[in-house]
Each structure stands twice: as structure tokens, then as C-alpha cells.
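This report concerns only the one structure given below.
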Amino acid sequence: ATGPLVTSLRELASRHGIGVGAGFLESADGSLFNSYALCLPDGSVHIHRKLHAFEHPAISSGNAYTVFDTPWGVRMAILICYDNNLVENVRACALAGATVLLAPHQTGGTHSRSPHGMRPIPLAVWDEGGAPLEAAFQGPDGRGWLMRWLPSRAHDNGLFLVFSNGVGRDDNEVRTGNAMILDPYGRIVIESTSTTDDMVTADLDLSLVPLSTGRRWLAARRPELYGPLTRHLGIERDPREARFAPDPVDL
């Protein structure tokens, strides 16, 4: 946590009295990680290593959840992109006491292997801009895809979810922005519809958490039944293979 990026973030956090985070390629312990650093105004730094890294064979996956207290009396967690797709990860963070989940992404407009998943947004649409691009960002390959699953992560676990995302061309694909904050009921507090760099902010009503549906569901759990969740079935794959393999998954 002493590199130039983290040092700059720590200075910004201290100067402005806020938390400042950014993603970066981390070199540590002889490995590379897709990491996200959150620097807090008290000088603390929390670094999450993506748990399910598939970006490149040289990038390793992390092996720990990142849940921590903050100067504002809020317990937070960080999950990067694909980490959020696996429901167990968000539940684990909620059980560790997180009430705000930071979910930095680089998604939208990807070529999904699933027949009814996302599809790339034509580069010509990005180059043209205007109404067609706005419609694409809000459509089934952008916001529409997010709305299939993202609200459930917040709702089912009774936490606020802060979703950030890249916007614009990323190699041969187009990322769709759609930054948003969701409340513990999966409702959108605020969101961006911009096709360029944008920022959304909101005050979070933490009183929504204790009686939320998701928190009641956490209390209704029966852990003694959940042994099958931790057993290997033989279908488990490396994150990269799971993400890109064209063959079906048969239980």
C-alpha cells in the first residue's frame, strides 16, 4: 500500500475528508492481482483482490473478503466486478456485518457465452453517439442486464450497493456506465444515464437496514442445512474457464 497510486489516493482522502478508491494492477507476493484500493481520511487503506479474476492468465485470484469499519460508523465491503455475480460472495460480506457494498465494475456490452446474456454494442454506435448510444446504454446490453440481478444483491442481503462502472470503448467492446446506488430493498436511490464520465452521490438512510427484508432473511437462515454449498461437485472451474468456456455446465 505504498505505491504511487495508493499514495495519491491517501493524500486526496486526507485533504478532502472523504473515502477515495481506484482499481489498479497490484504486484505482490510474486503475483499480479486485479485490485481495488479504498483510502479513508483517517489514513487507513483497504485493498481488495478480485476473487474471480479472468482478465488474463497472468492475473491471480485473491482469497479473502474485504470487510472493514469506517470513520463514519458504517461497515463496508468491496467486491470487484465478477465477484458480485456469485451470490455467495455478497452474502458472506453481509454476514460479516457490511451494510454498504462498494462494487466497482468494468462491464456492460460484453460478449456473453449465455444465449440470453449481454451482447456487444457495435463500435459504430459508440462512434456515432447521440440517441442510438443512449438507447444502447439503457437497453438489454447495459442497464437492462444490470436490472436482472444487481438489485437482488442489495435486496437479498439488506445492504446498500454502490455500483461504479467504466464508460466508453474498452478494446473491442463498449462499457455502458450506468453508475448507481441501490438501497437495502433493491430500489435505485440515484443513477446516471450519461454516455460520458459522470458521478452520482446520495445520502444513505441507514435506518433502512435493520428491518429490511434481506436482514430478516439473514436472521431466518438455517446454517445446519447449508453444507452442500461448501462441497466440491466436480463442476468447479478456474474463473477464466468458467467465464469463457463455450460448453454447458451439467450438474
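The values are calculated or read from the model by the stated rules, or taken from the named source; none is laboratory data. Fair warning: this is a prediction, and the values are worked out from it, not measured in the lab. Methodologically, a virtual Cβ is constructed for each residue, glycine included, from the backbone with ideal geometry; neighbour enumeration extends over all protein chains shown. Keep in mind that these areas ignore ligands, DNA and RNA; they rest on the heavy atoms of the full protein, side chains included. Shrake-Rupley method; radii C 1.70, N 1.55, O 1.52, S 1.80 Å.
Structure values in brief
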{"item": "Among (1) farther than 21 Å from R221 by Cβ; (2) in a loop (DSSP other than H, G, I, E, B); (3) aromatic (F, W, Y), the one test that W145 misses", "result": "(2)"}
{"item": "Flag if V174 is in a loop (DSSP other than H, G, I, E, B), among the hydrophobic types (A, V, I, L, M, F, W, C), touching a strand residue (DSSP E or B) at 6+ places or on another chain (Cβ under 7 Å) and over 25 Å from A92 (Cα atoms)", "result": "no"}
{"item": "Matching option when the condition is out of contact with any Leu (no Cβ under 8 Å at 6 or more places or on another chain) and closer than 26 Å to H52 by Cα, among P210, P223", "result": "P223"}
{"item": "Check on R15, buried (at least 22 other Cβ atoms within 10 Å of the Cβ) and more than 30 Å from L123 (Cα to Cα)", "result": "no"}
{"item": "Of the criteria (1) modelled with pLDDT under 95; (2) of a type in the set (D, E, K, R); (3) in a loop (DSSP other than H, G, I, E, B); (4) within 23 Å of the chain's Cα centre (by Cα), which one D247 fails", "result": "(4)"}
{"item": "Residues that are more than 17 Å from L38 (Cα to Cα) and open to solvent by 20 Å² or more (accessible area, probe 1.4 Å), drawn from segment 74-105", "result": "Y82, N85, L86, V87, E88, R91, A92, L95, A96, G97"}
{"item": "Those residues of segment 123-142 which are in contact (Cβ under 8 Å) with a residue 40 or more places away in the chain and open to solvent by 30 Å² or more (accessible area, probe 1.4 Å), in sequence order", "result": "L123, V125, W126, E134, Q138"}
{"item": "Residue check, L229 open to solvent by 60 Å² or more (accessible area, probe 1.4 Å), more than 27 Å from T110 (Cα to Cα), touching a residue at least 60 places away in the same chain (Cβ under 8 Å) and touching a helix residue (DSSP H, G or I) at 6+ places or on another chain (Cβ under 9 Å)", "result": "yes"}
